[in-house]
Amino acid sequence: SREVGRLGTRELAQLLVDMRDTMQARDGAGLAAPQIGVPLRVVIFGLAENPRYPDAAPVPYTELVNPVLTPLTDEQEEGWEGCLSVPGLRGLVPRFTRLRYEGFDPAGKRIVRDVDGFHARVVQHECDHLDGILYPMRIRDLRQFGFTDVLFPEMAGVDGDE
Ligand code: NI
């Protein structure tokens, strides 16, 4: 995906509206512009309380343009991920546990945050989309990859619409 050249445009604002609508309609924790067919480096994410991620701490809703990620540790941690682009599946994915992300909001205001845990995970997942990487490509043990209703029968029906 390409960098966004101009911030603060009506087109960019409209893209963010479309992305937010899509993410909310499908109860996702994040979305990248390429997932709705727009090859630009724009991601959104956020989590209040989400039945798809019952154990995750809240993440503030964030719109991030031209993101740059810098790991703040060598440490990685495995965690379960799903993706609106790979419906009905979950996999155990290694991610850096702490990182800094930098970029801009759609109006052009700079964003710099040091984050960890699920917040760090969701940013890595969404930014991977910008480079054409889907989470199954990062799974180390394919035995830890499968249909959500088989892996987590107690969640059957919760994310049938992902
Ligand atoms: Ni995804």
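Laboratory data are not the source of any read-out in this text; all were calculated from the coordinates shown. As the structure is a prediction and not an experimental result, all values here were calculated from the model. Every residue, glycine as well, gets a Cβ built from its backbone with ideal geometry; the counts of neighbours run over all protein chains shown.
Among the residues of the range 9-23, none qualifies, meaning not one is closer than 23 Å to D149 by Cβ and assigned to a strand (DSSP E or B).
Remark: pairs (first residue in the range 134-145, under 13 Å from E78 (Cβ atoms); second residue of a type in the set (F, W, Y) and outside any helix (DSSP H, G or I); Cβ separation under 6 Å; 6+ apart in sequence or on different chains) = I139/F145. Within the range 105-134, the residues that satisfy the criterion of being away from the ligand (no atom under 15 Å from the Cβ) and acidic (D, E) are D105, D114, D116.
Scanning the range 48-63 for residues that are under 12 Å from E126 (Cβ atoms) and in contact (Cβ under 8 Å) with a residue 60 or more places away in the chain returns a single hit, V59. The residue of the range 19-30 that is farthest from the ligand (Cβ to nearest atom), among those that are in contact with a helix residue (DSSP H, G or I) (Cβ under 6 Å, 6 or more places away or on another chain) and either charged (D, E, K, R) or under 21 Å from D55 (Cβ atoms) (or both), is A29.
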